[in-house]
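S.K.: Here you go, one structure.
Nothing in this text is a laboratory measurement; each read-out follows from the coordinates by a stated rule. Since the structure is predicted, the reported quantities are computational estimates derived from the model, not experimental observations. Because the Cβ atoms are built from the backbone with ideal geometry, glycine has one as well, and the counts that use them run over all protein chains shown.
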Amino acid sequence: MRAKRFPATGRILVLAVLLVASGCTQPKGSSPEPDQEEMAAVSSEVTELLESNPAATTSLFGRTPDRVACVSRAFGLPKTSSGSSDDKWLFSHVYCAAVDPGVAFGDASTFSGPVAIAPGPPIEIKVPQDGAEYEASVRRIFPDELEKAAMNSVADEGMKRALSQQYAARQG
């Protein structure tokens, strides 16, 4: 008795289903889309790092404020080169304000933009340069797959409201 063979199109369909099921269809170097919970955790970690270590915000403000209020929206998950947490980088858009006594939120020194943060210790922050060097510095700082997200990151109205509330809470 002879085994029945699938027609060629059937074999291709079975192969395609097996490839999709095994995850082999993903282009080399790309990673699955991060879930909302992971992104929220990175956002939270970035905010905590900046608010708990004002000296780290010198690169944002050009000075070390007494207190800082920040909100963050992650656009990339931690990347590691060797699997060790020492090499972890967090990629996020941050909107921060220096909380100075007696200064209203509308008059506060603020920073808004994409950052790459290595939690350390010591903490390391990379911020794109302003002006004509902005695009080139984004390409140097962020992995290829995150350049577009870094270039397009802006503080929206939700971030502005959240920072205003955070500022008021940290001022009082």
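S.K.: How do Glu51, Glu133, Glu147, Glu37 rank when sorted from fewest to most other Cβ atoms within 10 Å of their own Cβ?
M.R.: Going from least to most buried by this count: Glu37, Glu133, Glu147, Glu51.
S.K.: Still on this structure, I have one more. Taking other Cβ within 10 Å of each residue's Cβ, how do Arg67, Arg161, Arg73 sort, fewest first?
M.R.: Arg161, Arg67, Arg73
S.K.: Give me the net charge of Pro128's neighbourhood, meaning all other residues with Cβ under 12 Å from the Cβ of Pro128; Lys, Arg count +1, Asp, Glu -1.
M.R.: Here the count lands on -1.
S.K.: Ok, one more. Local charge sum around Ser109 (other residues, Cβ-Cβ under 9 Å, Lys/Arg +1, Asp/Glu -1)?
M.R.: With Lys, Arg at +1 and Asp, Glu at -1, the neighbours total -1.
S.K.: Please report the spacing between the Cα centers of the stretch 40-79 and the stretch 126-144 in Å, no decimals.
M.R.: Distance between centres, Cα-based: 18 Å.
S.K.: Next up: Report the label-to-label distance for Glu145 and Lys160 in nanometres (one decimal), using points 7 Å from each Cα along the Cα→Cβ vector.
M.R.: Going from the Glu145 label point to the Lys160 one covers 3.3 nm.
S.K.: Is the stretch 113-162 best put as rounded, prolate or oblate by its Cα gyration tensor, with a ≥ b ≥ c the root eigenvalues, rounded for a/c under 1.5, and otherwise prolate when a/b is larger than b/c, oblate when not?
M.R.: Oblate, since a/c reaches 1.5 and b/c is not below a/b.
S.K.: Note the full-extension length gain between Asp35 and Glu135 as 0.36 nm times their separation in residues minus their Cα-Cα distance, in nm to one decimal.
M.R.: Numbers: separation 100, 0.36 × 100 = 36.00 nm, distance 2.76 nm.
Contour length minus the Cα-Cα distance gives 33.2 nm.
S.K.: Moving to a separate point now. Report the local net charge at Val138: Lys and Arg +1, Asp and Glu -1, summed over other residues whose C-beta lies under 12 Å from its C-beta.
M.R.: Values: positive: Lys126, Arg139, Arg140, Lys148; negative: Asp130, Glu133, Glu135, Asp144, Glu147.
Residues near Val138 contribute -1 overall.
S.K.: Counting other C-beta atoms within 10 Å, which of Ser153, Ser109 has the fewest, and how do the rest follow?
M.R.: By the 10 Å Cβ count, ascending, the order reads Ser109, Ser153.
S.K.: Continuing with the same structure: Please compute the modelled spin-label separation between Asn152 and Glu124, points set 7 Å along Cα→Cβ, answer in nm with one decimal.
M.R.: Going from the Glu124 label point to the Asn152 one covers 2.9 nm.
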